[in-house]
Amino acid sequence: MAPRPNGLARAAIRFRPAAFVGTLVALLMTVAIVSACGILLETGLRAAVPPTRYAEAPVVVAADQRVTLRVGSGEGAYDVSAQVPEHARVDAALLARLAPLGRAVPDVTFPVRDAAGAGTAVGRAFDAYGWGSTAFSPTELRTGRAPAAPGEVVLGGADGPDRITLDTPAGKREFRVVGRTDRPGAWFSDAEARTLSGHPDALDAIVLFGADAERVRAAMDGHAQVLTGADRAMDPQLAGAKDMLAGLGGSFGGIATLVAVFTAAGTVALSVGQRSREFALLRAVGATPRQIRRTVASEALLVAPIAGALGCVPGIALAAWWFGQLKAKGAIPADVDLAVSWIPLICAVGIGLATALFAGWAASRRPARIRPGQALAAAAMERLGPGWIRTPLGLAALAGGAACASLAATSSGPDAANAALGVVMLFMLAVALLGPLIARACAALFGLPLRAASASGSLAAANSRTNARRLASAITPIVLAMAFSSTLVFLHTSQDRAASQQQEAGLLADHVITDPHDPDRAVAAGAVALTRTSVLAVTGSGPERLVQSVSAQGVTGDITTVEDLGVLSGDLARLAPGKVAVDRTLAEADQAAVGDRIELHLPDGTRTDPEIVAVYSRGLGLGEVTLPTADLVGHTTAGRPTELLVRGPLPAGLGPAQSASAWTTAQSLDREVNAWANTTMAAVLGGFAAVAAANTLVMTVLDRRRELGMLRLVGSTRRQVLRMLRWEALLVSGAGTVLGSAIALATLIPLTRTLTGTGPYVPPVVYGSFVAAAVALTLAATALPARRALRPSRT
């Protein structure tokens, strides 16, 4: 009677619980990490916030808040886009075009400041609007009337003086207070609001009452967006949150999924490989290849759904924690909720099941097809020859990783960064495919000092060399953990160190005023006013064009007196309207030099093509683009300088000041917050790989009960056996850390040279903690199950 595959599968699970639990844990972790990334991706795609300012506006006409470029031609053409750094505005001339379609109300919002220090209830700085906006953003007068003429203002808050001096983007003006409201803010007549905003020819939006949205879209003909429903929210933070969540769930999720699948597949293959003698016996007593394969598939169908159901729970918890942390740090609007549906959960369970089935099928191919008469003999010893499928694929991945590393080392700009990102994935794929060969080489190399150490060390070296596939299963997760964690963490430390060094060397000012009160007077006294913002740079040509957000500083005054930008070519003295200085990384990315023009989009998305007059090297710490403040007038939300740099004695009354060293420290703290995402990703991937490594080691040790018992029977003491296992654990951790560190360096060296101009910075304490964690993990995951396996009842 033929063996029943389902019965064999159930029996295997019942009588080999260690292999079952190991496979279950690997698949559970895979489903957890895949489902968590899928939930974040879905949240990014579905994220929305309710309209606030435009909640009462039926139709809103606004500018597209993304800069979009068409790259390529024909069927291969595609769009690349990026969110504008601040706020894109519509042409005020559209008011006349929209007037026949309904009641058109212009909307302008800009910041103002109580310049005279009158102590208004709304605070020192607040937002100002045109009175027409009260049609869709209701504001009731508590006293007085609406502003109707130039020089009149309605203020929110408690009663105060009848006259007030306000610092606006158009300069300081004195106004007569004609009304008071309970809502914080300041309101001017619509005409004066446009004048005071600093951009009289552009509006934040146009609100239409009594108009048909489709007729409005036809009238706009692509010149502006027509928003209704939830699209009226126009929350710039929401757009950034959607991009970030999509990047976490998509880009990082793709890498994490590959890592999880590779690791789980290795665990499943190890579980099947540990039962080669059982399969050989089944073949010897008449089981067919199909029955062997069905047995393995049945085990996967029994284990994977359970692992999937259990893995969805920590996956949802991980996504909720991650999402909550991002929201607490202000990266996600408070009104956005985590989207948890069946789609990412089913996909994660399906990936886990497919991984188990494919890995089981691949591992069962050899024992299923071998002849019954040769099965027991073949199962008695490990196959030494390379696999005819894995080896060519592994060599191809190794060659691809080497080619990407070479390309990254000889390229610049985005090409180097893109090539470097492929290095770690290709090398990791090579390690996974060439695991037995790499393990045998590591056993031979690291086994040399072991053989000279003691009898236990010599035995550990012989075991590792003979059982290369078992060793590879343990080494691969350690390599994964070291490679990915080191790449993510040390990329941040390298950028942080380079930025700090550039700031310390480049900031010549003695004082930095981060909230200037009277920048015009300060500039007249010799200070330099800076407007810190971001611009979009379009680099490359043809299909290689890229839109990226870069830091920028608008300059009023002689920048060379307060900053040493490390000029490599050109002259900052030539800086004037229509001319710009750029960091070397940006120039290399666009293959531009002094005298060339570079395509930039200002903070509100307006395109400009300034001439490059200087290229410098300290842009990471001080600003990747330096341009005259005059080129930013009317294109920023604040409409005024954000910093004053003062060299020498500090004049009084300019605002709160801090020393250059304190300013540098504050910038470092900001980068620490920004690096949280990298650290979290490293913890997620490193933690998963660490659990997988411990799981694999436990499975391996528990499967060696018979071998360890034989060593005890032939005279080895319990201490000698445990010492042998400790040497094996040290060999595993040593090989894993060396290989993982080599892959991380191959990725980091070209990437950091592109981003910072220097090599990677690896803090010894942090790297030492990684190595110590790997050693402690392997020792613990080996010693604990070994003590159980060496109990007297087992021997």
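See the values below:
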item: Criterion violated by ALA666 - all others in (1) at pLDDT below 80; (2) of a type outside the set (Phe, Trp, Tyr); (3) not in a helix (DSSP H, G or I) satisfied; result: (3)
item: When residues of region 202-226 are limited to those that are surrounded by fewer than 23 Cβ atoms within 10 Å (Cβ to Cβ) and acidic (Asp, Glu), the one farthest from GLY132 (Cα to Cα); result: ASP221
item: Region 124-157, subset touching a helix residue (DSSP H, G or I) at 6+ places or on another chain (Cβ under 9 Å) and modelled with pLDDT under 90, residue surrounded by the fewest Cβ atoms within 10 Å (Cβ to Cβ); result: GLU140
item: Number of positions in region 53-69 that are loosely packed, with under 13 Cβ neighbours inside 10 Å and more than 25 Å from LEU248 (Cα to Cα); result: 1
item: Residue within region 231-239 that is within 37 Å of the chain's Cα centre (by Cα) and either of a type in the set (Phe, Trp, Tyr) or under 30 Å from VAL691 (Cβ atoms) (or both) present; result: no
item: Count of residues meeting criterion [touching a helix residue (DSSP H, G or I) at 6+ places or on another chain (Cβ under 8 Å), part of a strand (DSSP E or B) and among the hydroxyl-bearing types (Ser, Thr, Tyr)] in region 549-599; result: 2
item: Selection from region 551-593 of residues that are over 20 Å from PRO641 (Cα atoms), more than 31 Å from the chain's Cα centre (by Cα) and of a type in the set (S, T, N, Q); result: SER569
item: Number of positions in region 600-646 that are assigned to a strand (DSSP E or B) and either in contact with a Lys or Arg (Cβ under 8 Å, 6 or more places away or on another chain) or farther than 28 Å from ASP107 by Cα (or both); result: 16
item: Filter pass, LEU739 being under 30 Å from LEU258 (Cβ atoms) and of a type outside the set (D, E, K, R); result: yes
item: Residues of region 740-769 satisfying the condition of being surrounded by 22 or more Cβ atoms within 10 Å (Cβ to Cβ) and either over 23 Å from GLN502 (Cβ atoms) or hydroxyl-bearing (Ser, Thr, Tyr) (or both); result: GLY740, ILE743, ALA744, ALA746, THR747, THR752, THR754, THR756
item: Top-ranked residue in region 325-344 [being small (Gly, Ala, Ser) and within 16 Å of the chain's Cα centre (by Cα); ranked as surrounded by the most Cβ atoms within 10 Å (Cβ to Cβ)]; result: ALA331
item: Yes/no for VAL633 being in contact (Cβ under 8 Å) with a residue 60 or more places away in the chain, surrounded by 22 or more Cβ atoms within 10 Å (Cβ to Cβ) and either out of contact with any Phe, Trp or Tyr (no Cβ under 7 Å at 6 or more places or on another chain) or aromatic (Phe, Trp, Tyr) (or both); result: no
item: Lone unmet requirement of (1) crowded, with 19+ Cβ neighbours inside 10 Å; (2) among the charged types (D, E, K, R); (3) modelled with pLDDT of 90 or more for ASP114; result: (3)
item: Among residues of region 132-173, those that are assigned to a strand (DSSP E or B), of a type outside the set (A, V, I, L, M, F, W, C) and farther than 26 Å from ASP520 by Cα, counted; result: 4
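The values are calculated or read from the model by the stated rules, or taken from the named source; none is laboratory data. All values reported here derive from a predicted model rather than from experimental measurement. A quick note on method: Cβ atoms are made from the backbone with ideal geometry, for glycine too, and the neighbour counts reach across all protein chains shown.
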